[in-house]
There are 2 protein chains.
Amino acid sequence: MAQLKEKQLKMIENGNVTTPKGFQAGGVHTGLRKSRLDFGWIHSEVPATAAGVYTLNAFRAAPLQVTKDSIDKSGKIQTIVVNSANANAVTGPEGYQNALDTQAKAAEIKGVDVDHVAVASTGIIGVQLPMEKIYKGIEAMNDEVNQGAERFETAILTTDIVTKHAAVQFEVDGKLITIAGAAKGSGMIAPNMATMLSFITTDADVEQASLEKALRSVTDQSFNMITVDGDCSTNDMVLVLANGMQENNTLNENHAEWSVFVEGLRYVSQELAKQIARDGEGATKLIEVKVKGAASDKVAGEVAKAIISSNLVKTAVYGSDPNWGRIICAVGYSEQPLDVNKVSVSLGDIQVVQNGLPLDFSEEAGTTYLEQDIVTIHVDLNNGEGEATAWGCDLTYEYVKINASYRT
Amino acid sequence: MAQLKEKQLKMIENGNVTTPKGFQAGGVHTGLRKSRLDFGWIHSEVPATAAGVYTLNAFRAAPLQVTKDSIDKSGKIQTIVVNSANANAVTGPEGYQNALDTQAKAAEIKGVDVDHVAVASTGIIGVQLPMEKIYKGIEAMNDEVNQGAERFETAILTTDIVTKHAAVQFEVDGKLITIAGAAKGSGMIAPNMATMLSFITTDADVEQASLEKALRSVTDQSFNMITVDGDCSTNDMVLVLANGMQENNTLNENHAEWSVFVEGLRYVSQELAKQIARDGEGATKLIEVKVKGAASDKVAGEVAKAIISSNLVKTAVYGSDPNWGRIICAVGYSEQPLDVNKVSVSLGDIQVVQNGLPLDFSEEAGTTYLEQDIVTIHVDLNNGEGEATAWGCDLTYEYVKINASYRT
């Protein structure tokens, strides 16, 4: 990331999906959950150019199929409705019809085109949506459309603890553009997407094909580089809506400020991804793995994901044990091209392995470093120019507790 | 496995690596550990035809390299020495020399050819072997060579709780042949081998190339189908020694009873693999995943490994939660060819998914089933003739506890 571009971006501390011009959001309690908000929406004053990336799981849930079909057909989304507590996954033709009915009802209530409604669900697999509750949520959009993004961010959570949002501003053609996002994560977060939903809004005017390409590119450097437990869910989706209300010249790869826009999209995506990783089920720490010197960015990414996915690395970080042998071990089984005699490993600033051999280091300093909230593991393969970063969290008693009892 | 072949095999309840004719074993305490046995050996009266399979980890430990080179060169092994507490991995040229010195000293003490000694290590990574303790262990072989297999089985354990052994007998050319094995496992057990050591002895006479082929084949259906936490270690190895002391006609693929021998080798390997999975760190249950109806055996194996490796499946089994959604989810992200509308899932005899859709079943019966010590998950892809079985264990508080504090 060039310094120049970074300087052109301004992080907006409390920005959220309603910070870009023309977006509203809200959330209500419909009874899907006992008392927590369980149904949320985002609405744009005008149809927004849309792009999505979707789970690779063969059991892709019905709402994803309906949303993907609509974006493929119209290229636009104006309203997004999301329910938690029920994933509407592995629900067959009835589940598919329920997703279509949700979309149709939302279109009717908001007076928008059916193909301009995106639907998303997260929660238990294999149970049909209780449609009367879903309709109750959709009808609430009529009266209380702009309740604020915090209610939306809360309504989409499942076993997440904290709401997640990020926003950034920059200028395009002299207009102030905002990109902002909300997300939910927690268990089943893994590379290739997981029970992870992310919704990104922007008031920039962007060409659809370019928006889609940019989303794919930044997703590979953000949401696809996080893991909580390596499981990939049926319901993962990232959507971006660009409503063009700042009236810049339409952005595409040929626009002089295209790279600034992509940088902004990447910043928001990576911030959300890190918040998801940090809030993994039972997590006490964010683990960041930075790999460089790889034969390619792809090789660096695979090595980073092998390390961040290792239960042994995750438990060692939980226990603040500077056990670099487990990191080396994960590098070794990543099945990537590398020379074991060139590998270096550092925990923060403390180098522990050089040229594939252990260095003397203070165990105490290592433990102290690992006691921090954010732990960075650096691996240099000294074998090329490729680099990548992956994020994850520690593996704790609480993770086991949550997942031995919670019905996903 | 044909019924006929099964009938030709006789399981030997308390058989061990010294049950085949001409093998001795023992174990001593050298001080590598505080008080537990930490150095063990197996010795054959005559040089035995040998074959090995070794970890795919790029950081392959020095003793594996030394052992592999010797078997590649001589095709025979007469003495195996194993230490626990120190893996002699990521130890550079000094570690390699220590492995050579261990081999040379053992050859001298036992009066065997240097290339007829196999060395193996398991324990902490990145620390040089304290050679005076290793020599102490080697010298003990002189006086007390046949202390019994139980001391050997104990000496090779790390965080394992129980010793592991299996044995089977059958006839070849009218001679009673025994195949027996010992193993260590626990954490870092994964497909493609892990901190897993297994030593198999037999008094059959077997051609080296055939023995190697048979070992590879049965390893893919046993040790490569188990997982505790998905981490693949630097030190994994399976060795088989065939000393020919029953004086059968040399076995190879053309021998009428070859398939009985392979079946016996498979039985011992699978029994040891299951014992390793059941004794995974912190495990309370053995999980067996049987996949059939796949496009090929390979596809079935990948699907089985995706399920057995899922932390969410493992925690659900720990909590006795009949949460089939997590099984379906793992099937879906296995990236294998399958039709989601044909998939069936059963927990023991309780079918929970048919043609990709949930069935009504008694949650209580599901929970009761999962409370057993051995849990079998059946998946039928209804998409071909391929089948495979994988074994693993549940993920528990105790796993986190062991790995947040134990230095691997």
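In segment B:332-355, the qualifying residues are those that are buried (at least 24 other Cβ atoms within 10 Å of the Cβ) and within 7 Å of chain A (Cβ to nearest Cβ), and the one that is nearest to A:R60 (Cα to Cα) is B:G332.
Considering only residues that are more than 8 Å from chain A (Cβ to nearest Cβ) and over 21 Å from B:E387 (Cβ atoms), look in segment B:319-331 and name the one that is surrounded by the most Cβ atoms within 10 Å (Cβ to Cβ).
B:P322
Yes or no, residue by residue, for (1) modelled with pLDDT of 95 or more; (2) touching a Lys or Arg at 6+ places or on another chain (Cβ under 6 Å); (3) part of a loop (DSSP other than H, G, I, E, B):
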| position | (1), (2), (3) |
| --- | --- |
| B:E6 | no, no, no |
| B:K21 | yes, no, yes |
| B:G31 | yes, yes, yes |
| B:D69 | yes, no, no |
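Put simply, of A:A256, A:A277, A:A242 the only residue that is in contact with a helix residue (DSSP H, G or I) (Cβ under 8 Å, 6 or more places away or on another chain) and of a type in the set (G, A, S) is A:A242. State yes or no: is A:L129 over 24 Å from the mean Cα position of the chain (by Cα) and outside any loop (DSSP other than H, G, I, E, B)? Against the criterion (over 24 Å from the mean Cα position of the chain (by Cα) and outside any loop (DSSP other than H, G, I, E, B)), A:L129 does not qualify. Of the listed requirements (1) assigned to a helix (DSSP H, G or I); (2) more than 8 Å from chain A (Cβ to nearest Cβ); (3) among the charged types (D, E, K, R), B:K401 misses just one: (2).
Restricting segment B:42-59 to residues that are touching a Gly at 6+ places or on another chain (Cβ under 6 Å) and not charged (D, E, K, R) leaves a set whose member that is nearest to B:K110 (Cα to Cα) is B:S44. Take the residues in segment B:216-228 that are surrounded by fewer than 21 Cβ atoms within 10 Å (Cβ to Cβ) and not hydroxyl-bearing (S, T, Y), then tell me which one is modelled with the highest pLDDT. By that ranking, first place goes to B:R216. Do we find that A:A190 is under 30 Å from A:L370 (Cα atoms) and either at pLDDT 85 or above or crowded, with 22+ Cβ neighbours inside 10 Å (or both) in this structure? When the stated conditions are applied, A:A190 passes them. The set of residues in segment B:71-93 that are in contact with an Asp or Glu (Cβ under 8 Å, 6 or more places away or on another chain) and either more than 14 Å from chain A (Cβ to nearest Cβ) or at pLDDT 95 or above (or both) comprises B:K73, B:S74, B:K76, B:Q78, B:N83, B:S84.
State whether one or more residues within segment A:249-258 are without any contact (Cβ under 8 Å) to a residue 24 or more places away in the chain and either among the hydrophobic types (A, V, I, L, M, F, W, C) or within 10 Å of chain B (Cβ to nearest Cβ) (or both). I'd like the intermediate steps shown before the answer.
Initial filter on segment A:249-258 (without any contact (Cβ under 8 Å) to a residue 24 or more places away in the chain): A:254, A:256.
Filter once more, keeping what is either among the hydrophobic types (A, V, I, L, M, F, W, C) or within 10 Å of chain B (Cβ to nearest Cβ) (or both): A:256.
Yes, the conditions are met somewhere in segment A:249-258.
Only residues that are free of Cβ contacts under 8 Å to residues at least 40 places away in the same chain and part of a helix (DSSP H, G or I) were counted across segment B:319-337, and they come to 8. Is at least one residue of segment A:229-250 surrounded by 24 or more Cβ atoms within 10 Å (Cβ to Cβ), at positive phi, assigned by TED's automatic domain parsing to the domain that holds A:G123 and out of contact with any strand residue (DSSP E or B) (no Cβ under 7 Å at 6 or more places or on another chain)? Yes, there is a match, as at least one residue in segment A:229-250 is surrounded by 24 or more Cβ atoms within 10 Å (Cβ to Cβ), at positive phi, assigned by TED's automatic domain parsing to the domain that holds A:G123 and out of contact with any strand residue (DSSP E or B) (no Cβ under 7 Å at 6 or more places or on another chain). Just a yes or no: is a residue in segment A:357-364 at negative phi, facing chain B (nearest Cβ under 9 Å) and crowded, with 16+ Cβ neighbours inside 10 Å? Yes, there is a match, as at least one residue in segment A:357-364 is at negative phi, facing chain B (nearest Cβ under 9 Å) and crowded, with 16+ Cβ neighbours inside 10 Å. Each residue in segment B:368-381 was checked for being farther than 14 Å from B:K290 by Cβ and either assigned to a strand (DSSP E or B) or more than 14 Å from chain A (Cβ to nearest Cβ) (or both), and 4 of them qualify. Condition test on A:Q97, is it without any contact (Cβ under 8 Å) to a residue 24 or more places away in the chain, farther than 19 Å from B:D339 by Cβ and among the polar types (S, T, N, Q)? Taking the combined requirement at face value, the residue satisfies it. Tell me, please, whether a residue that is of a type in the set (A, V, I, L, M, F, W, C) and out of contact with any strand residue (DSSP E or B) (no Cβ under 9 Å at 6 or more places or on another chain) can be found in segment A:335-349. Yes, segment A:335-349 contains at least one residue that is of a type in the set (A, V, I, L, M, F, W, C) and out of contact with any strand residue (DSSP E or B) (no Cβ under 9 Å at 6 or more places or on another chain). Among residues of segment A:302-311 being crowded, with 24+ Cβ neighbours inside 10 Å and either free of Cβ contacts under 8 Å to residues at least 60 places away in the same chain or touching a His at 6+ places or on another chain (Cβ under 9 Å) (or both), the one that is farthest from the other protein chains (Cβ to nearest Cβ) is A:A306. From the residues in segment B:47-66 that are of a type in the set (S, T, Y) and not in a loop (DSSP other than H, G, I, E, B), which one is nearest to the other protein chains (Cβ to nearest Cβ)? Restricting to residues being of a type in the set (S, T, Y) and not in a loop (DSSP other than H, G, I, E, B), the top hit is B:Y54. Considering B:V299, B:V291, B:V268, the condition of being at pLDDT 90 or above, within 14 Å of another protein chain (Cβ to nearest Cβ) and surrounded by 21 or more Cβ atoms within 10 Å (Cβ to Cβ) is satisfied by B:V299 alone. Only one of the numbered conditions (1) within 11 Å of chain A (Cβ to nearest Cβ); (2) part of a strand (DSSP E or B); (3) under 26 Å from A:T315 (Cβ atoms) is not met by B:A316, and that is (2).
The values are calculated or read from the model by the stated rules, or taken from the named source; none is laboratory data. Since we're looking at a predicted model, the values are computed, not measured. Cβ coordinates were reconstructed from backbone atoms using ideal geometry, including for glycine residues, and neighbour counts include every protein chain displayed.
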